[in-house]
Structure formats: structure tokens, C-alpha cells
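See structure below.
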Amino acid sequence: MSLYGIVPGVVQALAWIPGRILIYFFTHFTVYGRENIRGVEKPTIFVSNHPNQFDPVFIRGAFPMVSRHNPLLWISRSQSVYQWKGWRKYVLSEPFFRFWGAPVAPGGLQNYSKTLSDHVLLLKRGYTFCVFPQAGDDKFDGKSAKARGGIGYLIAAVRPTVVPVYVKNSAGMSPGRFFSRKHRVSVHFGKPRPARYFLTGMPNTLGVKEYREVSERLVKAIYALESPNEIQ
């Protein structure tokens with residue numbers, strides 16, 4: 001196991017107990033579809049909506065403490081891209097992201113194969129990622145946000161098992177509102193799908209347009225979990 005896995009694996013395992021207690025008490029935390037993450041074939045990518053900066057905590061907290069998906073890795077961008085303000089610019093730094101398990105995808109390369117080369121390698125080594133197809137530069141968007149093509153590229157390049165995830169009721173949650181217990185947050189795991197499910201009808205050679213279309217299909221699978229019938 002590389003340093004990408006050792007440090008985040010230890011950090012996530014140690015943070016699980018206090019983190020789980022906090023989110024259960026302050027957000028009335030509920031998890032649906034746990035049966036959908038048992039025995040999922042690797043490599044695996046979980047794809048989720050991203051209404052709040054705390055979503056990685058909620059999603060990791062929805063897994064057992066000891067999980068074959070620990071560490072759960074993420075994708076982050078350069079700190080200069082996010083342009084955080086206030087406390088975020090001091091806490092949400094690149095070292096913090098790496099510590100938590102979010103290898104940085106360098107910007108400005110205009111080439112998915114170069115930008116995401118480390119992430120492809122980690123997936124092929126059996127690591128699990130959770131990715132936000134709609135992740136914005138410095139804000140957290142809802143259903144109307146455009147899907148980005150990077151996750152589509154990962155799906156095509158690695159052909160992982162894909163599990164859609166829907167985080168409900170975390171939008172607008174500040175640290176103050178978290179401790180006020182005004183949010184009832186839940187995480188919904190959908191049915192695992194093979195990569196070909198999202199690549200059906202695509203040409204043999206994919207470009208930026210096709211990668212974005214794959215990402216749009218992923219977004220539809222995520223928001224389909226708003227309907228309880230899709231979680232079973």
C-alpha cells in the first residue's frame with residue numbers, strides 16, 4: 001500500500017468513531033441502501049452530488065469503520081482554483097486534502113490523461129474513489145450545475161464498478177447550523193452498475209464531448225435516488 005493509502009486509511013479510521021457520533025447526534029444521520037455497497041467489485045468509483053463542503057465526512061461516515069473501501073479517496077484541485085475565503089482558506093489546503101485522501105489533479109494541462117494520471121493508476125491498483133461530477137470551483141451547486149468531463153474520462157479509462165450516491169439535506173449547512181441540529185442529513189447508496197452501463201452507445205474513440213455526456217448520465221443516476229424506489 002502506497003502513502004496515498006496508508007496515511008488517509010489511518011486518518012479516516014481514527015476519525016470514524018468521533019465523526020460518526022457527531023454527525024448522528026447533530027444531523028440525525030441516516031443511511032439508506034447499505035446492502036448496495038456490500039461485495040462491490042473493484043475498482044470502484046462512488047459518484048455523488050455535492051451540496052456542502054461537509055459531504056465527504058457524511059459519505060465516509062456512511063461506511064463501516066472497517067471497510068474494504070477504506071481509504072476512500074477523492075479528487076481535489078489546486079487551492080488557487082477554489083479561492084476559499086475566511087477559515088476555509090487556512091483549513092482546506094492541499095496538505096489537508098492529501099492528508100484526508102484527496103490527490104490533487106493539477107490544473108491547466110488541458111488533457112485528462114495527464115491531469116488524472118495518478119488517479120487512474122490508483123484505481124487500477126484497487127483503490128476506491130468518491131467523485132463529485134458537478135463539483136464547482138468555489139461553490140456547491142445543485143441539480144442544475146453542469147457535469148464535468150473528468151469523471152467520464154475515468155469511467156472510460158478504468159471501466160470500474162460505479163455506485164451512485166445521493167446526499168440529502170446538507171445544502172446550506174454552515175458549522176453553526178451543524179451544531180444547531182436543524183439539518184436531517186441522509187446518504188443514499190444506489191445499485192452498483194458496470195461502467196458499460198454509462199458507456200452504452202458511445203463511439204470507440206471518446207473526446208471531451210463524450211466524456212461530459214458520460215458525466216451527465218452519472219448525474220442522472222445520482223438524482224434518480226431522490227425517489228425512494230431507486231434506492232432498493
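In region 21-49, how many residues are buried (at least 18 other Cβ atoms within 10 Å of the Cβ) and closer than 19 Å to ARG196 by Cα? Outline the logic, then answer.
Of all residues in region 21-49, those buried (at least 18 other Cβ atoms within 10 Å of the Cβ) come to 23, 27, 29, 32-33, 36-37, 40, 43-49.
Right, trim to closer than 19 Å to ARG196 by Cα and you get 36-37, 40, 43-48.
Residues in region 21-49 being buried (at least 18 other Cβ atoms within 10 Å of the Cβ) and closer than 19 Å to ARG196 by Cα: 9 in total.
Tell me the strands (runs of 3 or more DSSP E) entirely within region 110-214 that contain at least 2 residues that are under 21 Å from TYR32 (Cβ atoms), among the charged types (D, E, K, R) and modelled with pLDDT under 95.
Per the criteria, no element qualifies.
Looking at region 58-78, which of its residues are crowded, with 19+ Cβ neighbours inside 10 Å and of a type in the set (A, V, I, L, M)?
ILE59, ALA62, LEU72, LEU73, ILE75
Taking only pairs six or more apart or across chains, which ones have beta-carbon atoms under 7 Å, a first residue in region 156-168 that is touching a residue at least 60 places away in the same chain (Cβ under 8 Å), and a second residue that is of a type in the set (Phe, Trp, Tyr) and not in a helix (DSSP H, G or I)?
Going by the 7 Å Cβ cut-off, the qualifying pairs are VAL163/PHE46; VAL163/PHE189; VAL165/PHE46; VAL165/PHE189.
Given the conditions (1) surrounded by fewer than 17 Cβ atoms within 10 Å (Cβ to Cβ); (2) more than 26 Å from ALA15 (Cα to Cα); (3) at pLDDT 65 or above; (4) in contact with a helix residue (DSSP H, G or I) (Cβ under 6 Å, 6 or more places away or on another chain), which single one is not true for GLU94?
Checking GLU94 against (1) surrounded by fewer than 17 Cβ atoms within 10 Å (Cβ to Cβ); (2) more than 26 Å from ALA15 (Cα to Cα); (3) at pLDDT 65 or above; (4) in contact with a helix residue (DSSP H, G or I) (Cβ under 6 Å, 6 or more places away or on another chain), the one that fails is (2).
Any idea how many residues of region 30-46 are touching a residue at least 40 places away in the same chain (Cβ under 8 Å) and either touching a Leu at 6+ places or on another chain (Cβ under 9 Å) or among the basic types (Lys, Arg) (or both)?
Within region 30-46, residues that are touching a residue at least 40 places away in the same chain (Cβ under 8 Å) and either touching a Leu at 6+ places or on another chain (Cβ under 9 Å) or among the basic types (Lys, Arg) (or both) number 8.
State which residue is nearest to SER48 (Cα to Cα) when the search covers only region 157-185 and only residues that are surrounded by fewer than 18 Cβ atoms within 10 Å (Cβ to Cβ) and small (Gly, Ala, Ser).
By that ranking, first place goes to ALA171.
The values are calculated or read from the model by the stated rules, or taken from the named source; none is laboratory data. Keep in mind that what you see is a predicted model, and the values were worked out from it rather than measured. For neighbour counting, all protein chains shown are included, and Cβ atoms are generated from backbone atoms with ideal geometry for every residue, glycine included.
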